[in-house]
Amino acid sequence: MTDKTLINSLIAISAELEHIGAAVPDSIKALRRLPLEHYRDRLQSSIKAAGLSLVYPAVKTLSFYRDRLRAAVRDLYRGDITDIEYLTEMQALIDDQLVGAWNAGMREAGLDPQTDMTNEMLDALASIIQNEYDHLIDFAAAILKAKDDQTGFEGLYARADIWANRWTDTKQQALVMSAPSDLNLRWVYGDTDHCSTCEGLNDIIATSYAWSQSGVRPQNPPNSHLECGGWRCQCNLEPTDDKPSDGNIPGTAVPCNLRPPK
């Protein structure tokens with residue numbers, strides 16, 4: 001048994017104890033934090049290898065990620081896979097899909113992940129992936145509880161879809177972080193109900209540097225800059241040749257045409 005399999009086994013015990021309302025020993029709770037410390041170097045190496053060699057395939061899309069996440073929910077609920085297999089499958093899926101999403105964002109900014117991936121970008125991507133790992137236990141416990149209560153798995157699809165939105169969010173974070181400072185980005189509505197903040201930002205154009213300095217960006221939950229919190233936000237920042245909007249980015253003191261000091 002590998003270290004990772006053993007850790008996943010003990011974490012799965014934690015999920016099962018939690019969903020039946022039993023006390024979880026502190027020693028097992030501590031394992032929820034272990035992957036960050038235990039796998040950080042390995043994760044960095046995996047991301048670097050993928051960033052240097054992965055050619056982004058068309059199959060790695062938001063809809064593909066959503067479908068795979070839903071399938072994992074369904075399989076665990078039905079007992080087609082064990083909780084250990086669920087955790088292992090989800091970790092591999094998260095790694096694969098979010099690395100692909102990051103690479104897509106870099107390419108949209110005009111960079112090549114094979115040559116332009118920096119250590120700062122690797123750290124940012126590792127943090128995004130680790131954040132997803134941190135929520136795996138709660139999701140597994142919810143699926144197991146639904147199975148015990150016989151409430152069906154369809155109601156968990158909405159939660160899986162929120163996870164799937166991290167694909168686009170990761171792509172957006174890569175775009176903003178890797179884009180040239182003078183690249184103009186337009187805020188574009190997604191196909192969902194919009195909060196008042198996103199309504200005010202729709203069609204605003206600012207330099208990538210201005211967006212970065214303002215801290216305002218689509219999605220990125222929990223997002224204190226958006227009324228919706230970013231959880232179901234489907235807005236995007238898209239490159240444009242149009243000039244920046246007049247004035248400041250709404251809700252901030254950052255000019256839309258802000259560029260870094262020379």
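How would you order 101-108, 90-97, 79-86 from highest to lowest mean count of nearby Cβ atoms within 10 Å?
Values: 101-108: 23.6, 90-97: 18.6, 79-86: 15.9.
So the peptides 101-108, 90-97, 79-86, ranked by packing, come out 101-108, 90-97, 79-86.
Cβ neighbours within 10 Å, averaged per peptide: list 222-235, 170-183, 110-123 in order, most packed at the top. Intermediate results must be reported in sequence, preceding the final value.
Numbers: 222-235: 17.6, 170-183: 21.1, 110-123: 14.9.
Highest to lowest by the protection proxy: 170-183, 222-235, 110-123.
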Could you let me know the centre-to-centre spacing of segment 88-140 and segment 245-262, using Cα atoms, in angstrom? 29 Å
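Take every Cα pair under 8 Å in segment 180-262 that's 6+ residues apart, average their separations, divide by the length, and report that relative contact order as a whole percent. Before the final figure, lay out the partial values.
Numbers: 169 pairs, mean separation 32.0, N = 83.
RCO, segment 180-262: 39 percent.
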List the residues, sorted by chain then number, that are 5 or more residues from Asn248 or on another chain and whose placed amide H is less than 5 Å from its amide H. Cys256
Sorted by average packing, counted as other Cβ atoms within 10 angstrom per residue and highest first, what order do 194-205, 236-247 take? 194-205, 236-247
Between segment 196-220 and segment 171-186, how far is it from one alpha carbon centroid to the other, in angstrom? 11 Å
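Every number here is computed from the coordinates shown, using simple stated rules; none is lab data. Keep in mind that this is a model prediction, so the values were computed, not measured. Every residue, glycine as well, gets a Cβ built from its backbone with ideal geometry; the counts of neighbours run over all protein chains shown.
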